[in-house]
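Contents: one structure, followed by commentary.
The values are calculated or read from the model by the stated rules, or taken from the named source; none is laboratory data. Everything numeric here is computed off the predicted structure, so don't read it as measured data. For neighbour counting, all protein chains shown are included, and Cβ atoms are generated from backbone atoms with ideal geometry for every residue, glycine included. Each accessible area value is taken on the protein alone, full model and side chains, heavy atoms only, with ligands, DNA and RNA left out. Shrake-Rupley method; radii C 1.70, N 1.55, O 1.52, S 1.80 Å.
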Amino acid sequence: MSENYTALYEQHKKAGASFTDFGGWQMPLKYESELAEHHAVRKSAGLFDLSHMGELWVSGPEAAAFLDYALVGKLSAVAVGKAKYSLICNTDGGIIDDLISYRRPAPEEGIDKYLVVPNAGNAKVVAAALLERAAGFDVVVEDASAETSLIAVQGPNAEAILLKLVPAEQHALVTELKYYAAVEVSINGQDLLLARTGYTGEDGFEIYIPNVDAAGLWEALLEAGEGHGLIPAGLAARDSLRLEAGMPLYGNELSRHVNAYAAGLGPVVSLAKESDFIGRDALTAIKAAGVGSALGQKLVGLKGTGRRAARAHYSVLKDGSLIGEVTSGQPSPTLGYPIALAYVDVEHSEPGTIVDVDLRGKAEPFEVVGLPFYKRVK
């Protein structure tokens, strides 16, 4: 049973949301139709409550060096105002979490400052890991998750909706904001952190706001979105959208039993950075071995040739022999055919390979395809 409720719980109840437990949080699964919510994000805009995500502030003279050590990427190379997707790993290379880190302007000379955003169910684990790894560094790690809400506007009309709430003199800050960058702007009369990031495969924004002000911003965005096709969207649409975009979900594609190379996230690992980092030796060895993982498996996309969808934990077969397992799968609302992510033996991972998925006792053919399944036209 969920123990946590976001500051927007009452807004979701009023809107008729169906709820589900996610990472210990009571979250809206859908409002009226998950299919309508999915299509709204692809064609106009959807409004998401992401307040279950964590927010960790890392600051100090050695903040950059510390994150270079704690994470697999080179966070010291990130420019102020930009963001970087990275991983926090164990010494064996297993993934504790995937996260986004934003480099923010220095509060004073000689001090670096980052906002690190872990996933909902991992927020406390990541906070504890960072605090442990901070030993010996001149750095402060502050967990602001409990007092911070996160609201996302995703879809082709997201920018137009935001511009209705941002003063005219700041419009250029929004329109010129690049993907994986963030800026302080006045939204609905309040100075807030606006990031051009998302988990849907569409253009969009994520807004960090104190809990006490979250409901007011939610309502303001819904009002600004009238005429732009904006509707609230739940976790079901978020999952189908991220799957089409080929984005991994922790607990499905990513875990402590998976490494970055198996997950197709090798480019996220910076073996070239001068400093040591936790997991470096293991990841160096895995890359040198030239296989996706110790089991010789890698993450692939699967496209169904029939109508039935593969689901998580279904077996992947080749000539009747087990070669892997589905991690996520469902019918694609945008593409009109079943899609899935799966770990399969490397020798069967090339695009164009035909495999079977055991759909409750019946083997159905699927084709290995490149990712993402869906890519927006810019």
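Summary of values
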quantity	calculated
Most positive-pole-ward Cα, Leu193, Ala7, Asn90, against dipole of the chain from beta carbon charges	Asn90
Theoretical gain in end-to-end length, Ala77 to Ser275 [0.36 nm per residue, Cα-Cα removed]	70.0 nm
Centre separation in Å (Cα based) which lies between segment 124-162 and segment 314-368	35 Å
Placed amide H near Lys113: partners under 5 Å, 5+ positions off or other chain	Arg104
Alpha-carbon centroids, segment 32-103 and segment 172-237: separation in whole Å	16 Å
Largest-first principal axis extents of the Cα set of segment 107-253 (Å)	53, 41, 28
For the chain, built as a Gaussian network whose Cα springs stay under 10 Å, the top-fluctuating residue of Gly352, Gly23, Gly110	Gly110
Computed [θ] at 222 nm, helices only, for the chain once each DSSP H run of length n ≥ 4 contributes -39500 (n - 2.57)	-6000 deg cm²/dmol
Paired Rg and Dmax values of the chain, which use every Cα atom, in angstrom	20.9, 64
Distance between modelled label sites at Lys13 and Asp92, nm, 7 Å Cα→Cβ extension	4.4 nm
Solvent-accessible area per residue, Å², over the chain with all protein chains present [probe radius 1.4 Å]	43 Å²
Sites Glu32 and Val125 - FRET efficiency at Förster radius 22 Å, r taken between beta-carbons, to 0.05	0.05
Among Ser275, Tyr250, Ile354 the positive-end extreme of the charge dipole of segment 250-370 (Cβ point charges)	Tyr250
Cα convex hull of segment 208-310, projected area averaged across orientations, nm²	11.5 nm²
Phi-based couplings in Hz for segment 356-364 (Karplus 6.51, -1.76, 1.60; Gly and Pro marked x)	10, 10, 6, 8, 6, x, 10, 7, 10
Choice from Glu184, Glu109, Glu147 with maximal GNM fluctuation in the chain (Cα, 10 Å cutoff)	Glu109
Spin-label pair Ile354/Ala146, simplified geometry with 7 Å Cα→Cβ offset, distance in nm	5.8 nm
Point-charge dipole on Cβ atoms (K/R +1, D/E -1) for the chain, about Cα centre, debye to 20	1120 debye
Cβ-Cβ FRET estimate between Lys178 and Ala106, R0 fixed at 25 Å, reported to 0.05	0.75
Over segment 108-191, equivalent-ellipsoid semi-axes from the Cα gyration tensor in Å	31, 17, 11
Estimated FRET transfer efficiency (Ala288, His171; beta-carbon r; R0 56 Å; 0.05)	0.65
Computed over segment 246-378: relative contact order in percent, which uses C-alpha pairs under 8 Å that are six or more apart	25 percent
Difference of contour (0.36 nm per residue) and Cα-Cα distance, Val377 to Lys318	17.8 nm
Cα-based Kirkwood hydrodynamic radius, segment 302-341, one decimal, Å	10.3 Å
q = 0.12, 0.24 Å⁻¹, segment 28-117: log10 I(q)/I(0) [Debye, one scatterer per Cα]	-0.52, -1.11
nm² value of the averaged projected area, convex hull over the Cα atoms of segment 283-378	7.2 nm²
